[in-house]
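Q: Following this message is one structure expressed as structure tokens.
The values are calculated or read from the model by the stated rules, or taken from the named source; none is laboratory data. Since this is a predicted model, take the numbers as computed values, not measurements. Virtual Cβ from ideal backbone geometry, glycine too; neighbours counted across all protein chains shown. The accessibility values were calculated without ligands, DNA or RNA, using every heavy atom of the protein model including side chains. Shrake-Rupley method; radii C 1.70, N 1.55, O 1.52, S 1.80 Å.
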Amino acid sequence: MRIGTFVLAAQFPGQGQGEALHRAVRSTEAAEESGLDSVWLAEHHFVPYGVCPSATTLAALLLGRTRRIRVGTAVSVLPNHHPVALAEQAALLHLTSGGRFSLGVGRGGPWVDLEVFGGGLDAYENGFPEALGLVLDWLREARVAGRGERFGFREVAVVPRADELLEGPADAVPGASGPEVVVACTSPKSVRLAARQALPMLLGMHCGDEEKAEMVALWRTAAREAGHPPEVVEGAAHVSAGVAQIADGARDATEMLVKAMPGWLRQGLDAHVTVDGRHRVMRDPVAYTELLCGLHPVGPPQLAADRLAATAERTGITRFALLVEGTGDLAATEENVRRLGADVLPLLT
């Protein structure tokens, strides 16, 4: 079981953006000190839901401040990046960190980001497969040319080469020569795309175990149909996102989150603007917080460990990225991380 944190750098009501980013940095340092496996960084633009606009930039800082923990993006939004530029950054972080970087990618949403960065709606609706393929080519080949509908360019040399890491990390994927690439999957289409490339999935915190198990089963079927060998199909290290709040009692933990998270969710989600004016249905923040508390390790250590173990048994997923900043308070977040390491991890070994 590999337990990591999921960092949004969420700006809670009454907080400054620098405060949210400071909490993101400190929670990562606390995660390493507490023996956790990884930290996964989200990126958002123009909204207080999360104030980190570049997960790779923050990853570089955190890789420099840590020595052991794996740092990944969850996710770098491909329609807002040139795939070659993103792959170059991934290779750089992979090599300079000793292989501790994971590149998580996704297609994001139909937000105004697409207008600001010039990707356009087509990049969101149709361009993800081409962009992902170009990222993978860059991380695997010595020379790459762009031959797609969106990205066309002459063959150029890949510098630096991601496969020139002198010594790989202990948790490296067998046979992999570059950084791990993980794909955020929210639909059967994205699951099949990840499976064809044998890339592990990142599954969202709003999904319950039954839905995640169905997506893992679909991934395995699609991966087998793509010709991947059984050891690759069965050994895929998918990641389950969730929420964690450790307290002495289940009611105490739930009350902490229900008190704080709805205000953040309300102001954060309300700030999203669609690029084309399409209607979007907003979740009720209180009901959503209560749903998350019922799905994930929110409560005393034994309950938290039991829920993580149950998810692993039902889905086959043994890697977790857990949101630990749900109170919005720095001291409470650090204590939450400490208790995950000290009180929950020993129950999972």
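Q: Hey, does the stretch 163-170 have a residue that's modelled with pLDDT of 95 or more and surrounded by 14 or more Cβ atoms within 10 Å (Cβ to Cβ)?
A: Within the stretch 163-170 (the criterion being modelled with pLDDT of 95 or more and surrounded by 14 or more Cβ atoms within 10 Å (Cβ to Cβ)), the answer is no, since none of the residues qualifies.
Q: Quick test for you: out of 61, 21, pick the one residue that is open to solvent by 40 Å² or more (accessible area, probe 1.4 Å) and under 24 Å from residue 273 (Cβ atoms).
A: Every option except 21 fails the conditions.
Q: Let me ask another. Any idea how many residues of the stretch 114-132 are open to solvent by 20 Å² or more (accessible area, probe 1.4 Å) and either assigned to a helix (DSSP H, G or I) or in contact with a Cys (Cβ under 6 Å, 6 or more places away or on another chain) (or both)?
A: Of the residues in the stretch 114-132, 9 are open to solvent by 20 Å² or more (accessible area, probe 1.4 Å) and either assigned to a helix (DSSP H, G or I) or in contact with a Cys (Cβ under 6 Å, 6 or more places away or on another chain) (or both).
Q: Looking only at the stretch 76-113, filter to residues that are outside any helix (DSSP H, G or I) and polar (S, T, N, Q); which one of those is nearest to residue 270 (Cα to Cα)?
A: 76
Q: Restricting attention to the stretch 33-40, does a residue exist that is crowded, with 23+ Cβ neighbours inside 10 Å, within 23 Å of residue 203 (Cβ to Cβ), in contact with a helix residue (DSSP H, G or I) (Cβ under 6 Å, 6 or more places away or on another chain) and polar (S, T, N, Q)?
A: no
Q: I've got another one for you. Filter the stretch 252-277 for residues that are farther than 22 Å from residue 17 by Cα and in contact with a strand residue (DSSP E or B) (Cβ under 9 Å, 6 or more places away or on another chain) and give the result.
A: 252, 253, 254, 274, 275, listed by residue number.
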